[in-house]
1. Beta carbons within 10 angstrom, averaged per residue: use that to sort the peptides 26-37, 294-305, 140-151, 432-443, highest first.
2. Take the Cβ-Cβ distance between ASP82 and THR449 as r, set R0 to 35 Å, and report the resulting FRET efficiency rounded to the nearest 0.05.
3. How high is the relative contact order of segment 88-246, in percent, with contacts defined as C-alpha pairs under 8 Å that are six or more residues apart?
4. Work out how much length GLU237 to ALA513 would gain on full extension: take 0.36 nm times their residue separation and subtract the Cα-Cα distance, in nm to one decimal.
5. On full extension of the chain, what length is gained from ASN130 through ASP173, given 0.36 nm per residue of separation minus the C-alpha to C-alpha distance?
6. So for the chain, averaging the separation of alpha carbon pairs under 8 Å that are six or more residues apart and normalising by length, what relative contact order in percent results?
7. Could you tell me how far the Cα centroid of segment 186-244 sits from the Cα centroid of segment 114-131, in Å?
8. With every protein chain kept in place and ligands, DNA and RNA left out, what is the accessible area per residue of the chain? Probe 1.4 Å, answer in Å².
Amino acid sequence: MRKILIALLIVVWSGGSINAQQTPYTNPIIWADVPDPDITRAGDTFYLISTTMHLMPGAPVMKSKDLVHWEISSYVFDKLTDTPNYDLTDGTVYGRGQWASSIRYHNGCFYVLFSPNDTPWMSYIYTTSNPDGGDWKLLARTQHFHDASLFFDDDGRVYVFHANGSLRELKSDLSDVKPDGVNMKIFERDSTETGLLEGSRAIKYKGKYYLLMISSPKGGKRRQVCYRADKITGPYEKKVILEDNFAGFGYVGQGCIIDDENDNWFGFIFQDRFGVGRTPLLMPCRWEDGFPMLGDENGHVPLSATVPLKPYQPKNHYVESDDFSARTLKLCWQWNHNPLNDAWSLTERPGFLRLKTNRVVDNLYAAPNTITQRMEGALCKGVVALDVSKMKDGDVAGFAAFNGHSGVLAVKAEGKRKYLTMNTQIVNLDNENGKKIVDVDVQQKQQTTLKKNKIYLRINCDFNLHKDMATFYYSHDNKQWTQLGEPFKMRFDYQKLFMGTKFAIFNYATKTAGGYVDVDFFEYNFIFN
């Protein structure tokens, strides 16, 4: 939406009309956390799926008609319930949960396969005929496939590419693996593949099979490679199809390629951008000597280009302001772990989101019903308005730049007084034992006495290169602002939450459950560059 408005101004100034040749875009096309992308196409409409791990609802499906402007269409599931860890009970699923999904459109239906990166080790397969309606149904559970790519062949057989070059055949109805079907290693790593090799994305083009993977050789550069074969079982030959250090943030790798209705091809590959997360880049895909080469004619990701198709205007955005006047939450919101639905409400006080405590916990990372949205680069800010009059002694509520390393604005109720504090928090997790919370290192930076029960909290974020800074403010009138604490360095830590930093609104009890806060609004603004 924002990029379309910029394009409209350019067209007005030039006196022209909108078309693909006159509408610019800038990479990253989504300067926000949308990792492990996979795209399928139904006619002129593209559907993108990505990873959100411990956030619920999960497996977000985005929609576009031009590959640049995207909206959230639906989520594949509301919650996962295989273990109590999804409820923040007896452990957590931080950095686990739904992981590296594959989406495919086949014979009028959409299919999604993902394998949670935790126990029980299995894969889920969901299907729907209408991803815009969100009517996804669980079709099957089958064996665990790491970083898998679902593939429908022309002869009706169905396969999964996974791990480091493994292939497994499914039953034609996708109900399970085919016991007597293909189950093999289709290639072995060559001498240059000494590090990470994963992120399978498979297509068939002009009778040949193509498997894209991310490659990170030890001591080498992150890159995208492609394996090609005349038969699905091989033999396969490999070619490096992208190796580019884009905009100083690092080498680009992991994603997919997709065609439009006119056999034009595009690369959709993410880049690690530190605190904000992993951001998708759109680039040309040129078929050279039978391989899909990514980037411009020199193999570089373009900083800017023109929208390749008729510009699309999304109905919603993946980060949005909200006055909570609707009876349902906007699609941009996700809960940290499974929500406790009897402990939040949009109807008990119309026009407010009520967050109630119903469990006594020790810290923010164990707190249920923390609600989150993505942050965006280059610059963004979020403001929340809180009514804290119904907090109980020991309650903690507020607004955070939430990750494994968090910067937090917290209202603390202590007896009859309330205090506003800015602190930093680092969670330590037991990665070998259900990702249980071992401890949280809290460093208080500044505290002030809160004299009113209506408080406005603001977080300003700077994700420019070498920045990743969050700065914290409060106000009593939403006009005059006072900085609290010190700027906080946001971090991406794959051993902790394994995702970009999120805006998070929270309320939890440390002594007695039953208190609540009312969130009047969340106001969001951003500057792309």
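The values are calculated or read from the model by the stated rules, or taken from the named source; none is laboratory data. All values reported here derive from a predicted model rather than from experimental measurement. Ideal geometry is used to build each Cβ from the backbone, glycine not excepted, and the neighbour counts take in all protein chains shown. Ligands, DNA and RNA are excluded from the accessible area calculation, which covers all protein heavy atoms including side chains. Shrake-Rupley method; radii C 1.70, N 1.55, O 1.52, S 1.80 Å.
1. Details: 26-37: 23.4, 294-305: 15.8, 140-151: 21.2, 432-443: 13.7.
For the peptides 26-37, 294-305, 140-151, 432-443, the packing ranking is 26-37, 140-151, 294-305, 432-443.
2. On the way: r = 45 Å, r/R0 = 1.29.
E(calc), rounded to 0.05, equals 0.20.
3. Values: 353 pairs, mean separation 20.3, N = 159.
Taking the mean separation of contacting Cα pairs over the length of segment 88-246, I get 13 percent.
4. Taking 0.36 nm per residue and subtracting the Cα distance, the gain is 93.3 nm.
5. On the way: separation 43, 0.36 × 43 = 15.48 nm, distance 1.86 nm.
Separation in residues times 0.36 nm, less the Cα-Cα distance, equals 13.6 nm.
6. Numbers: 1476 pairs, mean separation 79.3, N = 529.
Over the chain, the number comes to 15 percent.
7. 24
8. Details: 20460 Å² over 529 residues.
For the chain, the solvent-accessible area averages 39 Å² per residue.
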